[in-house]
Amino acid sequence: MYKICAPIHTKAHPLIRQFFLPQLTRATRYRILGVALLSLIIFRYILIPVHVQGMSMEPTISDGSFHFCWRLSYLYHPPKRFDIVTFRFAGNRVLLLKRIIGLPGETVSFQQGVLYINGKQMEEPQHMFPSTWNLAPRKVSANTFYVVGDNRSVDMDQHRFGQIDAKRIIGKVIW
Amino acid sequence: MKKYHILIALVLAAAAVSAWLYLTSDTRRIRSRLDTLVELSEKNGPEQGIEALTKAAGIGKLFSEQCTLHLEEYGHRGSYHRKDITDSVFMIRNRSHQITIAMYDITIAVENSSQAAIALTLHLSGVVGEEQAVEVNEIALTMNKEEGDWLIDSVTVVQVLER
(Lines give C-alpha, C1' and ligand atoms only; values in the text may rest on other atoms or scores of the structure.)
Protein backbone atom coordinates (compact mmCIF):
# COMPACT_ATOMS: atom_id res chain seq x y z
CA MET A 1 0.00 0.00 0.00
CA TYR A 2 1.39 3.35 -1.02
CA LYS A 3 1.10 6.38 1.12
CA ILE A 4 0.90 9.67 -0.68
CA CYS A 5 2.75 12.43 1.08
CA ALA A 6 2.70 16.10 0.36
CA PRO A 7 6.04 17.44 -0.96
CA ILE A 8 8.18 19.02 1.67
CA HIS A 9 9.03 22.67 1.06
CA THR A 10 11.82 24.15 3.10
CA LYS A 11 11.57 27.86 3.42
CA ALA A 12 14.78 29.72 4.02
CA HIS A 13 14.84 32.35 6.67
CA PRO A 14 13.98 35.73 5.11
CA LEU A 15 17.30 37.19 6.23
CA ILE A 16 19.25 34.36 4.58
CA ARG A 17 17.18 34.72 1.42
CA GLN A 18 17.74 38.43 1.48
CA PHE A 19 21.49 37.86 1.81
CA PHE A 20 21.88 35.34 -1.01
CA LEU A 21 19.08 36.49 -3.32
CA PRO A 22 18.59 40.16 -2.66
CA GLN A 23 16.26 42.31 -4.65
CA LEU A 24 18.18 44.22 -7.28
CA THR A 25 17.80 47.63 -5.80
CA ARG A 26 20.24 50.44 -6.46
CA ALA A 27 21.96 49.79 -3.11
CA THR A 28 22.42 46.09 -3.98
CA ARG A 29 23.96 46.96 -7.32
CA TYR A 30 26.44 49.30 -5.64
CA ARG A 31 27.23 46.60 -3.09
CA ILE A 32 27.89 44.00 -5.84
CA LEU A 33 30.07 46.47 -7.70
CA GLY A 34 31.96 47.27 -4.49
CA VAL A 35 32.58 43.60 -3.70
CA ALA A 36 33.74 42.94 -7.28
CA LEU A 37 36.13 45.90 -7.20
CA LEU A 38 37.47 44.95 -3.80
CA SER A 39 38.03 41.35 -4.92
CA LEU A 40 39.81 42.56 -8.02
CA ILE A 41 42.13 44.79 -5.99
CA ILE A 42 42.82 42.15 -3.35
CA PHE A 43 43.44 39.20 -5.68
CA ARG A 44 45.36 41.19 -8.26
CA TYR A 45 47.55 43.38 -6.11
CA ILE A 46 47.64 42.06 -2.54
CA LEU A 47 46.90 38.35 -2.25
CA ILE A 48 47.80 36.77 -5.57
CA PRO A 49 46.52 33.27 -6.34
CA VAL A 50 49.23 31.05 -7.82
CA HIS A 51 48.72 27.81 -9.71
CA VAL A 52 51.88 25.69 -9.54
CA GLN A 53 53.05 23.97 -12.73
CA GLY A 54 56.17 21.90 -12.21
CA MET A 55 57.87 19.81 -9.58
CA SER A 56 60.81 21.99 -8.59
CA MET A 57 59.37 22.61 -5.09
CA GLU A 58 58.39 19.01 -4.35
CA PRO A 59 57.75 17.65 -1.75
CA THR A 60 56.88 20.98 -0.06
CA ILE A 61 54.67 22.24 -2.88
CA SER A 62 53.07 19.82 -5.31
CA ASP A 63 52.60 20.16 -9.03
CA GLY A 64 49.09 21.44 -9.80
CA SER A 65 48.41 22.88 -6.36
CA PHE A 66 47.00 26.35 -5.63
CA HIS A 67 48.62 28.82 -3.27
CA PHE A 68 48.45 32.47 -2.31
CA CYS A 69 51.25 35.00 -2.40
CA TRP A 70 51.09 37.85 0.11
CA ARG A 71 52.55 40.92 -1.55
CA LEU A 72 52.77 43.02 1.60
CA SER A 73 55.17 40.59 3.32
CA TYR A 74 58.26 42.58 2.44
CA LEU A 75 56.86 46.03 2.84
CA TYR A 76 58.73 46.70 6.10
CA HIS A 77 61.51 44.10 6.13
CA PRO A 78 63.57 42.26 3.51
CA PRO A 79 63.00 38.58 2.71
CA LYS A 80 64.41 36.10 5.20
CA ARG A 81 66.32 32.92 4.64
CA PHE A 82 64.11 29.88 3.88
CA ASP A 83 61.11 32.01 2.93
CA ILE A 84 59.26 30.64 -0.07
CA VAL A 85 58.83 33.52 -2.48
CA THR A 86 57.31 34.16 -5.87
CA PHE A 87 59.17 36.30 -8.35
CA ARG A 88 58.65 37.54 -11.87
CA PHE A 89 60.46 35.25 -14.26
CA ALA A 90 59.10 36.63 -17.52
CA GLY A 91 56.83 39.63 -17.95
CA ASN A 92 54.02 39.99 -15.45
CA ARG A 93 52.38 36.62 -15.83
CA VAL A 94 55.12 34.01 -15.56
CA LEU A 95 56.12 33.68 -11.93
CA LEU A 96 58.50 31.21 -10.34
CA LEU A 97 58.22 29.94 -6.84
CA LYS A 98 61.44 29.12 -4.97
CA ARG A 99 63.02 29.12 -1.53
CA ILE A 100 65.50 31.79 -0.49
CA ILE A 101 68.74 30.22 0.73
CA GLY A 102 71.28 33.00 0.36
CA LEU A 103 71.09 36.65 1.40
CA PRO A 104 73.03 39.55 -0.18
CA GLY A 105 76.77 39.35 0.48
CA GLU A 106 76.74 35.70 1.62
CA THR A 107 78.61 32.82 0.01
CA VAL A 108 76.47 29.88 -1.09
CA SER A 109 77.61 26.37 -1.93
CA PHE A 110 76.39 22.76 -1.94
CA GLN A 111 78.42 19.70 -1.00
CA GLN A 112 76.76 16.35 -1.62
CA GLY A 113 73.37 18.06 -1.42
CA VAL A 114 74.12 19.83 1.85
CA LEU A 115 73.78 23.62 1.90
CA TYR A 116 76.71 25.72 3.11
CA ILE A 117 76.44 29.43 3.82
CA ASN A 118 79.73 31.29 4.28
CA GLY A 119 81.39 27.89 4.59
CA LYS A 120 79.12 26.82 7.45
CA GLN A 121 76.80 23.84 7.12
CA MET A 122 73.11 24.81 7.31
CA GLU A 123 70.23 22.70 8.41
CA GLU A 124 67.23 23.38 6.23
CA PRO A 125 63.81 23.35 7.88
CA GLN A 126 61.92 21.52 5.15
CA HIS A 127 61.70 17.83 4.38
CA MET A 128 63.66 17.03 1.21
CA PHE A 129 64.46 14.18 -1.14
CA PRO A 130 68.09 12.95 -1.07
CA SER A 131 70.42 15.08 -3.17
CA THR A 132 74.00 14.84 -4.40
CA TRP A 133 74.37 18.40 -5.68
CA ASN A 134 77.80 19.94 -5.66
CA LEU A 135 78.09 23.64 -6.33
CA ALA A 136 81.29 25.61 -5.91
CA PRO A 137 81.06 28.61 -3.51
CA ARG A 138 79.69 31.80 -5.07
CA LYS A 139 78.98 35.18 -3.56
CA VAL A 140 75.48 36.59 -3.66
CA SER A 141 75.61 40.11 -5.13
CA ALA A 142 74.15 43.17 -3.42
CA ASN A 143 70.38 43.59 -3.84
CA THR A 144 69.96 39.98 -4.94
CA PHE A 145 68.81 36.81 -3.20
CA TYR A 146 69.88 33.26 -3.96
CA VAL A 147 66.89 31.04 -4.59
CA VAL A 148 66.54 27.34 -5.22
CA GLY A 149 63.73 24.79 -5.34
CA ASP A 150 63.26 22.12 -2.69
CA ASN A 151 63.38 19.28 -5.20
CA ARG A 152 67.13 18.77 -5.46
CA SER A 153 66.84 15.09 -6.33
CA VAL A 154 66.78 16.11 -9.99
CA ASP A 155 69.94 16.78 -11.96
CA MET A 156 71.36 20.22 -11.15
CA ASP A 157 71.44 21.19 -14.84
CA GLN A 158 67.70 20.59 -15.14
CA HIS A 159 66.84 22.75 -12.16
CA ARG A 160 66.37 26.52 -12.42
CA PHE A 161 68.09 28.29 -9.56
CA GLY A 162 70.44 31.17 -8.87
CA GLN A 163 70.47 34.73 -7.68
CA ILE A 164 67.62 37.04 -8.55
CA ASP A 165 67.24 40.77 -8.38
CA ALA A 166 65.36 41.82 -5.23
CA LYS A 167 63.07 43.96 -7.40
CA ARG A 168 61.67 40.85 -9.07
CA ILE A 169 60.41 39.39 -5.80
CA ILE A 170 56.65 39.76 -5.59
CA GLY A 171 55.88 38.35 -2.17
CA LYS A 172 55.86 35.44 0.20
CA VAL A 173 53.86 32.27 -0.27
CA ILE A 174 51.69 32.11 2.79
CA TRP A 175 49.37 29.22 2.06
CA MET B 1 20.78 70.85 -28.96
CA LYS B 2 23.40 72.43 -31.18
CA LYS B 3 25.97 72.29 -28.38
CA TYR B 4 25.23 68.58 -27.98
CA HIS B 5 25.84 67.95 -31.70
CA ILE B 6 29.09 69.91 -31.64
CA LEU B 7 30.29 67.88 -28.65
CA ILE B 8 29.53 64.56 -30.39
CA ALA B 9 31.29 65.76 -33.55
CA LEU B 10 34.35 66.76 -31.51
CA VAL B 11 34.48 63.40 -29.72
CA LEU B 12 34.15 61.51 -33.02
CA ALA B 13 36.84 63.65 -34.62
CA ALA B 14 39.17 63.06 -31.66
CA ALA B 15 38.53 59.31 -31.85
CA ALA B 16 39.22 59.27 -35.60
CA VAL B 17 42.45 61.25 -35.20
CA SER B 18 43.59 58.96 -32.33
CA ALA B 19 42.81 55.84 -34.38
CA TRP B 20 44.66 57.25 -37.40
CA LEU B 21 47.65 58.20 -35.26
CA TYR B 22 47.70 54.77 -33.66
CA LEU B 23 47.37 52.88 -36.95
CA THR B 24 50.19 54.82 -38.57
CA SER B 25 52.41 55.01 -35.50
CA ASP B 26 55.76 53.25 -35.16
CA THR B 27 54.41 51.31 -32.18
CA ARG B 28 51.68 49.87 -34.35
CA ARG B 29 54.17 49.00 -37.11
CA ILE B 30 56.51 47.28 -34.66
CA ARG B 31 53.62 45.30 -33.22
CA SER B 32 52.63 44.28 -36.72
CA ARG B 33 56.21 43.04 -37.40
CA LEU B 34 56.07 40.93 -34.24
CA ASP B 35 52.72 39.50 -35.31
CA THR B 36 54.27 38.56 -38.66
CA LEU B 37 57.14 36.85 -36.82
CA VAL B 38 54.66 34.81 -34.76
CA GLU B 39 52.61 33.95 -37.84
CA LEU B 40 55.62 32.80 -39.88
CA SER B 41 57.07 30.80 -37.00
CA GLU B 42 54.00 28.63 -36.49
CA LYS B 43 54.16 25.09 -37.78
CA ASN B 44 51.24 22.71 -37.47
CA GLY B 45 52.44 19.58 -39.18
CA PRO B 46 54.66 18.35 -41.98
CA GLU B 47 55.54 20.97 -44.57
CA GLN B 48 57.19 20.89 -47.98
CA GLY B 49 60.82 21.98 -48.22
CA ILE B 50 59.93 24.98 -50.34
CA GLU B 51 57.31 26.12 -47.81
CA ALA B 52 59.81 25.80 -44.95
CA LEU B 53 62.36 27.74 -46.97
CA THR B 54 59.89 30.51 -47.83
CA LYS B 55 58.86 30.90 -44.20
CA ALA B 56 62.48 30.84 -42.99
CA ALA B 57 63.36 33.51 -45.57
CA GLY B 58 60.33 35.54 -44.44
CA ILE B 59 61.55 35.36 -40.84
CA GLY B 60 65.07 36.28 -41.95
CA LYS B 61 63.72 39.43 -43.63
CA LEU B 62 62.47 40.64 -40.24
CA PHE B 63 66.08 40.87 -39.02
CA SER B 64 68.79 43.41 -39.84
CA GLU B 65 71.53 42.40 -42.26
CA GLN B 66 73.77 42.00 -39.21
CA CYS B 67 72.02 41.08 -35.96
CA THR B 68 73.39 40.60 -32.45
CA LEU B 69 72.17 37.59 -30.49
CA HIS B 70 72.64 37.02 -26.76
CA LEU B 71 71.19 33.54 -26.43
CA GLU B 72 73.85 31.96 -24.24
CA GLU B 73 71.55 29.19 -22.99
CA TYR B 74 70.97 28.12 -26.57
CA GLY B 75 74.56 28.37 -27.72
CA HIS B 76 74.29 31.58 -29.73
CA ARG B 77 76.18 34.71 -28.82
CA GLY B 78 77.59 37.32 -31.13
CA SER B 79 76.91 38.96 -34.43
CA TYR B 80 74.99 36.95 -37.01
CA HIS B 81 74.31 37.64 -40.65
CA ARG B 82 70.69 37.53 -41.84
CA LYS B 83 71.53 34.42 -43.88
CA ASP B 84 72.81 32.62 -40.75
CA ILE B 85 69.51 33.34 -39.02
CA THR B 86 67.51 32.13 -42.03
CA ASP B 87 69.56 28.91 -42.15
CA SER B 88 69.14 28.32 -38.40
CA VAL B 89 65.38 28.87 -38.62
CA PHE B 90 65.17 26.49 -41.59
CA MET B 91 67.11 23.82 -39.66
CA ILE B 92 64.92 24.20 -36.56
CA ARG B 93 61.76 23.95 -38.69
CA ASN B 94 63.03 20.76 -40.31
CA ARG B 95 63.75 19.19 -36.93
CA SER B 96 60.38 20.13 -35.40
CA HIS B 97 56.99 18.59 -36.12
CA GLN B 98 55.11 21.41 -34.51
CA ILE B 99 55.97 24.93 -33.38
CA THR B 100 53.71 27.33 -31.50
CA ILE B 101 54.78 30.81 -30.48
CA ALA B 102 53.02 33.37 -28.33
CA MET B 103 54.22 36.81 -27.32
CA TYR B 104 52.68 38.75 -24.47
CA ASP B 105 53.39 41.52 -21.96
CA ILE B 106 54.83 43.49 -24.85
CA THR B 107 56.18 46.95 -24.08
CA ILE B 108 57.50 49.08 -26.89
CA ALA B 109 59.59 52.17 -26.28
CA VAL B 110 60.42 54.11 -29.41
CA GLU B 111 63.58 55.92 -28.32
CA ASN B 112 63.97 58.04 -31.39
CA SER B 113 62.39 57.88 -34.82
CA SER B 114 64.70 55.07 -35.91
CA GLN B 115 65.34 52.93 -32.83
CA ALA B 116 63.08 51.06 -30.42
CA ALA B 117 63.51 48.87 -27.35
CA ILE B 118 61.01 46.09 -26.89
CA ALA B 119 60.47 43.85 -23.89
CA LEU B 120 58.22 40.82 -24.15
CA THR B 121 57.51 37.36 -22.84
CA LEU B 122 58.07 34.64 -25.41
CA HIS B 123 56.26 31.35 -24.98
CA LEU B 124 57.62 28.76 -27.32
CA SER B 125 56.31 25.22 -27.51
CA GLY B 126 56.91 22.50 -30.01
CA VAL B 127 57.53 18.87 -30.72
CA VAL B 128 61.14 18.13 -31.56
CA GLY B 129 61.66 14.49 -32.52
CA GLU B 130 59.44 12.65 -30.06
CA GLU B 131 59.80 15.18 -27.28
CA GLN B 132 57.48 18.01 -26.31
CA ALA B 133 59.48 21.14 -25.54
CA VAL B 134 58.22 24.26 -23.78
CA GLU B 135 60.31 27.36 -23.17
CA VAL B 136 59.24 30.63 -21.59
CA ASN B 137 61.64 33.56 -21.51
CA GLU B 138 61.73 37.27 -21.07
CA ILE B 139 63.18 38.76 -24.24
CA ALA B 140 64.68 42.18 -24.89
CA LEU B 141 64.78 43.26 -28.52
CA THR B 142 66.13 46.32 -30.20
CA MET B 143 64.70 47.26 -33.56
CA ASN B 144 66.03 49.73 -36.07
CA LYS B 145 64.10 51.52 -38.77
CA GLU B 146 65.81 50.89 -42.06
CA GLU B 147 64.30 52.32 -45.23
CA GLY B 148 60.90 52.56 -43.58
CA ASP B 149 60.91 48.99 -42.19
CA TRP B 150 61.42 48.10 -38.57
CA LEU B 151 64.02 45.31 -38.37
CA ILE B 152 65.21 43.31 -35.38
CA ASP B 153 68.74 44.41 -34.59
CA SER B 154 69.45 42.49 -31.39
CA VAL B 155 67.83 39.70 -29.38
CA THR B 156 68.65 39.08 -25.73
CA VAL B 157 67.24 36.43 -23.43
CA VAL B 158 67.04 38.22 -20.08
CA GLN B 159 69.00 36.26 -17.48
CA VAL B 160 66.72 36.29 -14.44
CA LEU B 161 68.47 33.55 -12.49
CA GLU B 162 72.22 33.82 -12.38
CA ARG B 163 74.02 30.82 -10.95
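The values are calculated or read from the model by the stated rules, or taken from the named source; none is laboratory data. Remember, predicted model here, so these are calculated numbers, not experimental data. Cβ placement follows ideal geometry from the backbone for every residue including glycine, while neighbour counts extend to all protein chains displayed. The accessibility values were calculated without ligands, DNA or RNA, using every heavy atom of the protein model including side chains. Shrake-Rupley method; radii C 1.70, N 1.55, O 1.52, S 1.80 Å.
For chain A, set up a GNM with springs between Cα atoms under 10 Å and report which of A:155, A:165, A:63 has the largest fluctuation. Largest GNM mean-square fluctuation: A:155.
Overall, the accessible surface of segment B:95-163 at a probe of 1.4 angstrom is composed of carbon and sulfur to the extent of 50 percent.
Per residue, how large is the accessible surface of chain A? Use a 1.4 angstrom probe and give square angstrom.
Details: 11880 Å² over 175 residues.
On a per-residue basis, chain A sits at 68 Å².
So in segment B:33-157, what percent of DSSP beta bridges are antiparallel if you round to the nearest 5? Each step should come with its number before you reach the end.
Working: 42 of 46 bridges.
Here the antiparallel bridges make up roughly 90 percent for segment B:33-157.
Projected over all directions and averaged, the alpha-carbon convex hull of segment B:23-101 occupies 6.0 nm².
Assign unit charges at the C-beta atoms only (+1 for Lys and Arg, -1 for Asp and Glu), then state the dipole size of chain A relative to its Cα centre in Debye, rounded to the nearest 20.
Working: 22 positive and 10 negative charges, 227 e Å.
It works out to roughly 1080 debye.
For chain B, the longest principal axis of the alpha carbon atoms and the long axis of helix B:49-60 meet at an angle near 60°.
Interface residues of segment A:66-95, defined as those losing at least 40 Å² of solvent-accessible heavy-atom surface relative to the isolated chain (probe radius 1.4 Å), are listed as A:89, A:90, A:93, A:94.
The residues of segment B:138-163 occluded by other protein chains by 50 Å² or more of accessible area, set against the chain on its own, are B:138, B:160, B:161, B:162, B:163; surface from heavy atoms, 1.4 Å probe.
Beta bridges assigned by DSSP with both partners in the protein assembly as shown are antiparallel in approximately 95 percent of cases. Rounded to the nearest Hz, the phi-derived 3J(HN,Hα) couplings of segment B:13-20 under the Karplus curve 6.51 cos²θ - 1.76 cosθ + 1.60 (θ = phi - 60°) are 5, 4, 5, 5, 5, 4, 4, 5, where x marks glycine and proline.
Scalar couplings 3J(HN,Hα) for segment A:164-175, obtained by applying the Karplus form with A = 6.51, B = -1.76, C = 1.60 to θ = phi - 60°, are 10, 5, 4, 5, 7, 6, 9, x, 9, 7, 10, 7 Hz; x denotes Gly and Pro.
To the nearest 20 debye, what charge dipole does segment B:1-147 have about its Cα centre, counting +1 at the Cβ of each Lys and Arg and -1 at the Cβ of each Asp and Glu? Numbers along the way, then the final one.
Numbers: 15 positive and 19 negative charges, 173 e Å.
Result for segment B:1-147 is approximately 840 debye, rounded to the nearest 20.
For chain A, give the percent of accessible area contributed by carbon and sulfur heavy atoms, probe 1.4 Å, rounded to a whole number. It is 60 percent, rounded to a whole number.
For residue B:95 and residue A:82, what does the FRET efficiency come to when R0 = 41 Å and r is the distance between their Cβ atoms, rounded to the nearest 0.05? That gives a FRET efficiency of 0.45. Counting only protein heavy atoms and a 1.4 Å probe, segment B:33-157 has 54 square angstrom of accessible area per residue. Quick check: the angle from helix B:26-41's long axis to the longest principal axis of chain B, C-alpha only, nearest 10 degrees? The angle comes out at about 30 degrees.
Helix-only mean residue ellipticity at 222 nm, chain B, DSSP H runs n ≥ 4 weighted -39,500 (n - 2.57), per residue, nearest 500. What is it?
Details: 4 runs with 64 residues, N = 163.
Only helices count here, giving -13000 deg cm²/dmol.
Which length gain, in nm to one decimal place, applies between residue A:157 and residue A:40 when the Cα-Cα distance is subtracted from 0.36 nm times their residue separation? List each step's numbers first, then the result.
Values: separation 117, 0.36 × 117 = 42.12 nm, distance 3.88 nm.
So the extension gain works out to 38.2 nm.
Taking chain B as a Gaussian network of alpha-carbon nodes connected by springs under 10 Å, the highest mean-square fluctuation of the residues B:34, B:21, B:62 belongs to B:21.
In the elastic network of chain A, a GNM with C-alpha springs shorter than 10 Å, the most mobile of A:123, A:58, A:106 is A:123.
FRET efficiency for residue B:79 and residue A:17, Cβ-Cβ distance as r, R0 = 56 Å, nearest 0.05? For residue B:79 and residue A:17, the calculated efficiency is 0.20.
In square angstrom and rounded to 100, what buried accessible area do you get between chains A and B, total over both, with the probe at 1.4 Å? Before the final figure, lay out each step's value.
On the way: alone 12530 and 10650 Å², together 21740 Å².
Buried area between the two chains comes out at roughly 1400 Å².
Each 5 Å bin from zero up to the one holding the largest Cα-Cα distance in segment A:1-133 carries the following percent of pairs: 2, 7, 11, 13, 12, 11, 8, 6, 6, 6, 5, 5, 4, 2, 1, 1, 0, 0.
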